[in-house]
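Trainee: Have a look at the structure that comes next, please.
Please treat every number below as a calculation from the coordinates, not as lab data. Quantities reported herein were computed from a predicted structural model and do not represent experimental measurements. Positions of Cβ are backbone-derived with ideal geometry, glycine not excepted, and every protein chain shown enters the neighbour counts.
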Amino acid sequence: MRREDGAHQGERRFALMLTAPGMLALLLTTTFPLAYLVWSSFQTINLAMPFMDGFAGVQNYVEMWHDSRYWHAMGLTGIYTFSSVALQVVIGMGLALLVMQIPAGQWIFRIVAILPIVLAPVVVGLFWRTLMLAPNFGMVDFLVQWLGFEQINWLGAPTPALISVIAIHTWQWTPFAFLVFLASLASLPGDVYEAARIDRANALQRFWHITLPLLRPAIIIVIIMRVMISLSAFAAIFAATGGGPGTASEILNLYAFKTSFVELNFGYGSALAVSLLIITMAVSGVLFYLRTPRRREAGA
Amino acid sequence: MAQGRVHLKGIYKRFGNFIALKHIDLDIQPVEFFALLGPSGSGKTTTLRMIAGLDTPDEGVIEVDGEDVTFAPPADRDIAMVFQNYALYPHMTVRDNIAFPLKMDKMPKAEIEPAVVRAAERVDIAHLLHRRPGQLSGGQQQRCALARAIVRQPKLFLLDEPLSNLDAQLRLQTRVELKKLQRALNVTAIYVTHDQEEAMTLADRMAVFLEGDILQVGTPDEVFNRPASIAVAAFIGSPPMNLLPATLDGDRLTVSGHSMTLPRAPQHPGGEVTMGVRPSHVRIDPQGLPTRLYLSENLGESALLNLYLGDELVKMRVASFNAGAEGETVPIAFDIDTIHLFESGSGRRIPLAGE
């Protein structure tokens, strides 16, 4: 509704009335909890020590600043997000380019690609934990041993655990990137590629000078969506490793959850969540900003 | 010496059950402006794409300057092409579009810029180099595509209906410039069009395509004045010539009961034939054949009378529009020395003495 003149006032009010229930629901379910979260982050709310409760000011944030576990979680969040999104884009692009070469039956790949996406992340986490990565029984473990490598405790040792949760996330969400890229590739104009062939561009040059720039909007939208989700990933990791062993796969979201609902320190947990919120918004803001202006391609 | 001779030998191509080209032969001379003319689906674009290397024939050989390039990729053929929809690189500026073939050729950067400017100046778009294709009008995009094609000095210059997306006025203007450009570049140009006027005005020689066959190869003059068959006669000209059943006996031609003596003896034993006469070679003659006026069309500079001679429609061009009364009787005669004769069965032209 755009404000134009007085005559539309009544109409505007009516429109507002019509949208009010929806707005209210939205307010109650999103804005209010967010506001409450921010408010809690300035309080001391610790169910283990209820006598300490009260206004804490920036105390939680100061504590966070000196909390090495926080910085560790932050680092893991960065590694987890960057590597899983990079893998999704690169693998998704590669698969899309491959499938584009198939003259018929692309629909089979589209359907297969949907499957991991529609699974609940908890199911994915459990599925990998039990079927794929479990010592001795898991398929990956079996394969590794069958190939003659030493057995790796995929979820029980720190570095393999981190690699595992990144792999799980990549496995579930690469199909999303794949589907978006496949659809974008299919919509690229064929005669432009013919022109490029006549202009003597080889396959690699056509990819670099034509495909990548034309896919740029799709690549950026995939990166934005995946980074936002990746930063706040939770369920699959929780189901697969619970953030462990120790804190080896404890990204920020898991740390905030554990602080709030395991240690029952809601005030500090809220502060951790707020910091994740700020990071997510800042990163998305930067990415959205990058999306609009015309810049040179930075690569996938 | 002169480069750019294209020789097609027995080219056959099918797409599924559709036979696109039925063993066509074509010999295009260096520096010639050669038009491939035909309705859509006649195989002209397929022929061009094979010369470009974008498609390969199922049978036959394509030679360029005596070298077999039938299966050579486009990059090895030293060609440039202007596409019907221009096929500009949408994410690049006009400058980058024109420079692209040179960059792929690994030309030193310092030489690219002046070459780009030169090509852009040739087609009057030097002031648009910083724009993107999306910011250009159709005519400007077309020029950008032309500039990209001429920036390198290719052996062959291929054009696939380059004017068909322009509005009428721009098309006429660009047509003239295209011809000038081709002469200045001194390069073989192969031009696909469904517009016979374009083919007639631009081409040194042309091939008339129909249903995967070449019906006639010749200069516009030859094709227009001596169509090789009824099919060509029925295609060329706007409107095409009138084709009427007639009886031939020696040099006596009888149409609708009206006999005339041909000035030159036809090389034909006689019998049922088809007579062709252009609308501009029909005139009103009080002693002529009686026809019934069906409709009079005003074309501005001239008018077209649609007349019925018995059951046969005859079109006649007259100098000025005169609505006339529909149903009115108009006596007509044909300019006897401009008459074309075709065999009724095969449709082949019947040569007249001296042809």
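Trainee: Within a 10 angstrom radius of each residue's Cβ in A:187-195, how many Cβ atoms of other chains show up on average? Whole number is fine. Spell out each step's value before the answer.
Mentor: Working: counts 0, 1, 6, 1, 9, 8, 2, 8, 17.
Across A:187-195, the average partner-chain Cβ count within 10 Å equals 6.
Trainee: Give me the distance in nm between label points sitting 7 Å out from Cα along the Cα-to-Cβ direction at A:Leu47 and A:Asn153, one decimal.
Mentor: Calculated label separation equals 3.1 nm.
Trainee: In the protein assembly as shown, with Lys and Arg counted as +1 and Asp and Glu as -1 at Cβ, which of these residues, A:Trp146, A:Phe234, A:Gln106, has the Cα nearest the positive end of the dipole, that is, farthest along it?
Mentor: Checking the options against the dipole of the protein assembly as shown, the answer is A:Phe234.
Trainee: So, one more: Counting Lys and Arg as +1 and Asp and Glu as -1, each charge on the Cβ, what is the dipole of the protein assembly as shown about the Cα centre in debye, to the nearest 20? Write down the numbers at each step before the final one.
Mentor: Values: 53 positive and 58 negative charges, 385 e Å.
Dipole size: approximately 1840 debye.
Trainee: Which residues does a label at B:Tyr12 reach in the stretch B:29-64, if reach means a backbone N under 13 Å from a point 7 Å past the Cα toward the Cβ?
Mentor: Output list for this probe position: B:57-61.
Trainee: Work from the charge dipole of the stretch B:6-231 (Cβ charges, +1 for Lys and Arg, -1 for Asp and Glu, about the Cα centre) and give the residue of B:Pro57, B:Ala145, B:Thr188 farthest towards its positive end.
Mentor: B:Ala145
Trainee: Cut-off 10 angstrom, C-alpha nodes, Gaussian network model of chain B. Which of B:Gly300, B:Gly271, B:Gly138 fluctuates the most?
Mentor: Top of the fluctuation ranking is B:Gly300.
Trainee: Principal axes first, then extents: for the Cα atoms of the stretch B:232-343, list largest minus smallest coordinate on each axis, whole Å, largest first.
Mentor: Projected onto the principal axes, the Cα atoms of the stretch B:232-343 cover 42, 28, 22 Å.
Trainee: How large is the helix-only mean residue ellipticity at 222 nm for chain A, computed as the sum of -39500 (n - 2.57) over DSSP H runs with n ≥ 4, divided by its residue count, in deg cm²/dmol to the nearest 500?
Mentor: Working: 14 runs with 200 residues, N = 300.
My calculation for chain A gives -21500 deg cm²/dmol from helical runs alone.
Trainee: Within 10 Å of each Cβ in A:212-218, how many Cβ atoms from other chains are there, averaged over the peptide?
Mentor: Neighbouring Cβ atoms belonging to other protein chains average 1 per residue here.
Trainee: What whole number of Å gives the distance from the Cα centroid of the stretch A:66-116 to the Cα centroid of the stretch A:228-251?
Mentor: Spelled out, the Cα-based centre of one part sits 16 Å from the other.
Trainee: Using the Karplus curve 6.51 cos²θ - 1.76 cosθ + 1.60 with θ = phi - 60°, work out ³J(HN,Hα) for each residue of the stretch B:271-284 in order, rounded to whole Hz, and write x for Gly and Pro.
Mentor: x, 6, 9, 10, 9, x, 8, 6, x, 7, 9, 9, 9, 7
Trainee: Classify the stretch B:14-57 from the C-alpha gyration tensor, please: rounded if a/c falls under 1.5, else prolate or oblate depending on whether a/b exceeds b/c. Walk me through the intermediate numbers first.
Mentor: Details: a/c = 2.11, a/b = 1.66, b/c = 1.27.
Because a/c hits 1.5 or more and a/b exceeds b/c, the stretch B:14-57 counts as prolate.
Trainee: Could you work out [θ]222 nm for chain B from helices alone, using -39500 (n - 2.57) per DSSP H run of at least four and dividing by all its residues? Round to the nearest 500 deg cm²/dmol. Mind showing how you got there, number by number?
Mentor: Numbers: 8 runs with 84 residues, N = 355.
Dividing the helical sum by the residues of chain B leaves -7000 deg cm²/dmol.
Trainee: If you average the sequence gap of Cα pairs under 8 Å that are 6 or more apart and divide by the length of chain B, what percent do you get for the contact order? If you can, show how the numbers build up before the last one.
Mentor: On the way: 743 pairs, mean separation 54.6, N = 355.
In percent, rounded to a whole number, it is 15.
Trainee: Shifting gears a bit: Compute the distance in nm between two label points, each set 7 Å from the Cα along the Cα-to-Cβ direction, one at A:Val122 and one at A:Leu204.
Mentor: 4.9
Trainee: Could you derive backbone 3J(HN,Hα) for the stretch B:238-255 from the dihedral phi with the Karplus parameters 6.51, -1.76 and 1.60 (θ = phi - 60°), listing whole Hz in sequence and x where the residue is Gly or Pro?
Mentor: Whole-Hz 3J(HN,Hα) from phi for the stretch B:238-255: 9, x, x, 5, 6, 10, 10, x, 8, 10, 10, 9, x, 10, 9, 10, 10, 10.
Trainee: Determine the shape class of the stretch A:174-285: with a ≥ b ≥ c the square roots of the Cα gyration tensor eigenvalues, call it rounded for a/c under 1.5, and otherwise prolate if a/b is greater than b/c, oblate otherwise.
Mentor: Numbers: a/c = 4.27, a/b = 3.11, b/c = 1.37.
Since a/c reaches 1.5 and a/b is larger than b/c, the shape of the stretch A:174-285 is classed as prolate.
Trainee: So which of B:Lys103/B:Lys155; B:Lys13/B:Lys106; B:Lys22/B:Lys179; B:Lys44/B:Lys103 end up more than 24 Å apart by C-alpha?
Mentor: Values: B:Lys103/B:Lys155 18 Å; B:Lys13/B:Lys106 35 Å; B:Lys22/B:Lys179 30 Å; B:Lys44/B:Lys103 31 Å.
Table pairs above 24 Å Cα-Cα are B:Lys13/B:Lys106; B:Lys22/B:Lys179; B:Lys44/B:Lys103.
Trainee: Based on the alpha-carbon gyration tensor of the stretch A:61-160 and its eigenvalue square roots a ≥ b ≥ c, which shape applies: rounded if a/c is under 1.5, prolate if not and a/b is larger than b/c, or oblate? Walk me through the numbers on the way to the answer.
Mentor: Numbers: a/c = 2.28, a/b = 1.39, b/c = 1.64.
Because a/c hits 1.5 or more and a/b fails to exceed b/c, the stretch A:61-160 counts as oblate.
Trainee: Treating the beta-carbon of each Lys and Arg as +1 and of each Asp and Glu as -1, no other charges, what is the dipole magnitude of the stretch B:232-343 about its Cα centre, to the nearest 20 debye? It would help to have the intermediate numbers written out before the result.
Mentor: On the way: 7 positive and 13 negative charges, 33 e Å.
With Lys and Arg at +1 and Asp and Glu at -1, about 160 debye.
Trainee: Averaged over B:67-79, how many beta carbons belonging to a partner chain fall within 10 Å of each residue's beta carbon? If you can, show how the numbers build up before the last one.
Mentor: Working: counts 0, 0, 0, 0, 0, 0, 4, 8, 7, 1, 2, 1, 3.
Across B:67-79, the average partner-chain Cβ count within 10 Å equals 2.
Trainee: Computed over the Cα atoms, what is the radius of gyration of the stretch B:1-130 divided by 2.2 N^0.38 Å, N being its residue count? Mind dumping the intermediate values first?
Mentor: Working: Rg = 17.3 Å, N = 130, 2.2 N^0.38 = 14.0 Å.
My calculation over the Cα atoms of the stretch B:1-130 gives 1.24.
Trainee: Additional query: Could you identify which residue out of B:Ala265, B:Ala120, B:Ala20 has the top mean-square fluctuation in a GNM of chain B using Cα springs shorter than 10 Å?
Mentor: Highest fluctuation among the options: B:Ala265.
Trainee: Calculated FRET efficiency, A:Tyr61 and A:Phe82, Cβ-Cβ r, R0 22 Å, to nearest 0.05? Mind showing how you got there, number by number?
Mentor: Working: r = 25 Å, r/R0 = 1.13.
Once the sixth-power term is evaluated, E becomes 0.30.
Trainee: What is the local net charge at A:Leu155, summed over the other residues whose Cβ is closer than 12 Å to its Cβ (Lys, Arg +1; Asp, Glu -1)? Walk me through the intermediate numbers first.
Mentor: Values: positive: A:Arg129; negative: A:Asp141.
Charge balance in the 12 Å sphere: 0.
Trainee: Taking the dipole about the Cα centre of the stretch B:1-124, with the C-beta of Lys and Arg at +1 and of Asp and Glu at -1, give me whichever of B:Tyr12, B:Thr46, B:Gln84 is farthest to the positive side.
Mentor: B:Gln84
Trainee: Now for a separate question. Roughly how many whole Å is it from the C-alpha centroid of the stretch B:162-241 to that of the stretch A:193-208?
Mentor: 31
Trainee: Let me ask something else about it. Pick from B:Ile284, B:Ile79, B:Ile230 the residue whose mean-square fluctuation is largest in a GNM of chain B, springs joining Cα atoms under 10 Å.
Mentor: Largest GNM mean-square fluctuation: B:Ile284.
Trainee: When the scattering of chain A is computed by the Debye formula from its Cα atoms alone, each counted once and equally, what is log10 I(q)/I(0) at q = 0.09, 0.14, 0.15 Å⁻¹?
Mentor: -0.63, -1.15, -1.22
Trainee: Let me ask you something else. Order these peptides, B:247-256, B:9-18, by their mean beta-carbon neighbour count within 10 angstrom, highest first. Before the final figure, lay out each step's value.
Mentor: Values: B:247-256: 15.8, B:9-18: 13.8.
My ranking of the peptides, most packed first, is B:247-256, B:9-18.
Trainee: Calculate the FRET efficiency for A:Leu97 and A:Trp39 from the Cβ-Cβ distance with a Förster distance of 60 Å, rounded to the nearest 0.05. Intermediate values should be presented prior to the final figure.
Mentor: On the way: r = 49 Å, r/R0 = 0.82.
Working from the Cβ atoms, E equals 0.75.
Trainee: If you don't mind, there's one more thing I want to ask. Would you kindly derive the ³J(HN,Hα) couplings of the stretch B:303-319 from the backbone phi angles with the Karplus curve 6.51 cos²θ - 1.76 cosθ + 1.60 (θ = phi - 60°), listing them in order in whole Hz, with x for Gly and Pro?
Mentor: Calculated HN-Hα couplings, in order: 9, 10, 9, 9, 10, 9, 9, x, 9, 8, 7, 10, 9, 9, 9, 10, 5 Hz.
Trainee: Between 0 and 90 degrees, rounded to the nearest ten: what's the tilt of helix B:138-150 against the longest Cα principal axis of chain B?
Mentor: 70
Trainee: Let me know the whole percent of all Cα-Cα pairs from the protein assembly as shown that are separated by more than 33 Å. Could the numbers behind the result be given before it?
Mentor: Numbers: 142355 of 214185 pairs.
For the protein assembly as shown, the share of Cα pairs beyond 33 Å comes to 66 percent.
Trainee: Rounding to the nearest 20 debye, state how big the charge dipole of the stretch A:72-291 is about its Cα centre with +1 on each Lys and Arg Cβ and -1 on each Asp and Glu Cβ. Could the numbers behind the result be given before it?
Mentor: Numbers: 9 positive and 7 negative charges, 78 e Å.
Here the size comes out at about 380 debye.
Trainee: Right, another one. List every DSSP H helix in chain A whose Cα atoms extend 20 Å or more along the helix's own long axis and whose mean Kyte-Doolittle hydropathy is at least 1.0.
Mentor: Working: long enough: A:9-26 (24 Å, 0.45); A:68-100 (47 Å, 1.17); A:158-186 (42 Å, 1.29); A:212-231 (27 Å, 2.16); A:266-291 (37 Å, 1.62).
Helix filter hits for chain A: A:68-100, A:158-186, A:212-231, A:266-291.
Trainee: Another question about this same structure. Using the Kirkwood radius over Cα pairs, work out the Stokes-Einstein diffusion coefficient for chain B at 25 °C and 0.890 mPa s, in µm²/s as a whole number. Numbers along the way, then the final one.
Mentor: On the way: Rh = 22.8 Å.
The calculation lands on 108 µm²/s.
Trainee: Now for a different question. If packing is taken as the mean number of other Cβ atoms within 10 Å per residue, what is the order of A:72-80, A:141-149, highest first? List each step's numbers first, then the result.
Mentor: Values: A:72-80: 19.0, A:141-149: 11.3.
Result, highest mean Cβ count within 10 Å first: A:72-80, A:141-149.
Trainee: Now for a different question. Counting only C-alpha contacts under 8 Å and six or more residues apart, can you give the relative contact order of the stretch A:72-291 as a whole percent?
Mentor: Relative contact order of the stretch A:72-291: 30 percent.
Trainee: Take the Cα coordinates of the stretch B:162-289, assign each an equal point scatterer, and use the Debye formula without solvent to give log10 I(q)/I(0) at q = 0.16, 0.21, 0.22 Å⁻¹.
Mentor: -0.90, -1.27, -1.35
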